[in-house]
Amino acid sequence: MTKTSPEQNKAIVLKAFDTLFNQRDYAAAEKFWSDRYIQHSAHIAPGREGLFSLVRGAPATLRYENQLILAEGDYLIAYGRFSGNGRPAAWIAADVVRFEDGKLAEHWDVLQDEATKAESVSGLPMFGDRFPA
């Protein structure tokens, strides 16, 4: 059983998300996700293949950007933006991942459409330091 540190898990998730969502390299992405991967998202079919199928069906413009990543023990939260997803607004996501044997083993998410300046009651952007164009 491979045990990874929180710092290693941060690096693994960032590389995994880039490999799958930005590069669309499914063969390389397989090494990051457990073949017993458990998916809790309401938007994604079960297992690793459910996730990979979702990405295969997404527009080629889909991109993931990370703003914040926190890890403790075997759990990690990545706060980021999924843009170019074919929807009217990008998704701002808090992805929670559990690691097992150095791989992404389980996933939960909270997704919200990114607010424009006109929609933001706080007057602050949800991601980065400026509002979407």
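So the values come out like this:
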read-out: So Ala133, is it exposed (fewer than 15 other Cβ atoms within 10 Å of the Cβ), among the hydrophobic types (A, V, I, L, M, F, W, C) and without any contact (Cβ under 8 Å) to a residue 24 or more places away in the chain; value: yes
read-out: Which numbered condition Thr2 misses (of (1) loosely packed, with under 12 Cβ neighbours inside 10 Å; (2) more than 15 Å from the chain's Cα centre (by Cα); (3) at pLDDT 95 or above); value: (3)
read-out: All positions within region 1-36 that are within 22 Å of Leu62 (Cβ to Cβ) and among the β-branched types (Val, Ile, Thr); value: Ile12, Val13, Thr19
read-out: Filtered residue count, region 1-31, keeping only those that are in a helix (DSSP H, G or I) and not small (Gly, Ala, Ser); value: 16
read-out: Residue that is in contact (Cβ under 8 Å) with a residue 40 or more places away in the chain, within 25 Å of Phe131 (Cα to Cα), exposed (fewer than 15 other Cβ atoms within 10 Å of the Cβ) and not polar (S, T, N, Q), where the choices are Leu111, Leu14, Leu70; value: Leu111
read-out: Region 72-109, residues that are touching a Leu at 6+ places or on another chain (Cβ under 6 Å), in a strand (DSSP E or B) and more than 13 Å from Ile38 (Cβ to Cβ); value: Ile77, Tyr79, Trp91, Ala93
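The values are calculated or read from the model by the stated rules, or taken from the named source; none is laboratory data. Keep in mind it's a predicted model, so treat the numbers as computed, not measured. Ideal geometry is used to build each Cβ from the backbone, glycine not excepted, and the neighbour counts take in all protein chains shown.
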